[in-house]
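Worksheet: one structure, shown below.
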Amino acid sequence: MDNDVNSRRACIEVATGKDDVRVLVCRAIGIPFDTPDDFNYRKSGAVDSLGMVRLILSIEARFGFVFTDDDVVRPEFNTLGGLARIIEEKLA
């Protein structure tokens, strides 16, 4: 278990943290990298239900964890900055 946690931490350190999340999310949903942290990709229509599944799976594969149901219903899950904070929490 400790090795798994350490490898996840190493992954995020190498990945440059929040910027890596931003790049992954922006590429996955096709929005510019300089999109503001408070951009709500669900309300804007930038992501449909299938796109959300793809985004979740991409993040889980990249960072080595699984989102819970509670994670994905949090309001902050719908914004770039909020999603980055959730990922940071899960990797802590």
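Laboratory data are not the source of any read-out in this text; all were calculated from the coordinates shown. Please read all numbers here as calculations on a predicted model, not as lab measurements. With ideal geometry, Cβ positions are generated from the backbone for all residues, glycine too; neighbour counts draw on all protein chains shown.
Length available on full extension from K43 to F65: 0.36 nm per residue minus the Cα-Cα distance, which gives 5.4 nm. Counting neighbouring beta carbons within 10 Å and listing from fewest to most, the residues T68, T35, T79 come out as T68, T35, T79.
Using Cβ contacts closer than 10 Å as the measure, can you line up L57, L50, L24 from fewest to most? Present the calculation step by step, with values, prior to reporting the outcome.
Details: L57 13, L50 8, L24 20.
Least to most surrounded, the residues fall as L50, L57, L24.
Residue by residue, segment 38-48 carries 3J(HN,Hα) couplings of 8, 5, 9, 6, 6, 4, 6, x, 5, 10, 9 Hz when phi is fed to the Karplus relation 6.51 cos²θ - 1.76 cosθ + 1.60 (θ = phi - 60°); x denotes Gly or Pro.
The length gained by stretching the chain between R54 and R74 to full extension, at 0.36 nm per residue less their Cα-Cα distance, is 5.4 nm.
Sorted ascending by nearby beta carbons within 10 Å, beginning with the fewest, K43, K90 become K43, K90.
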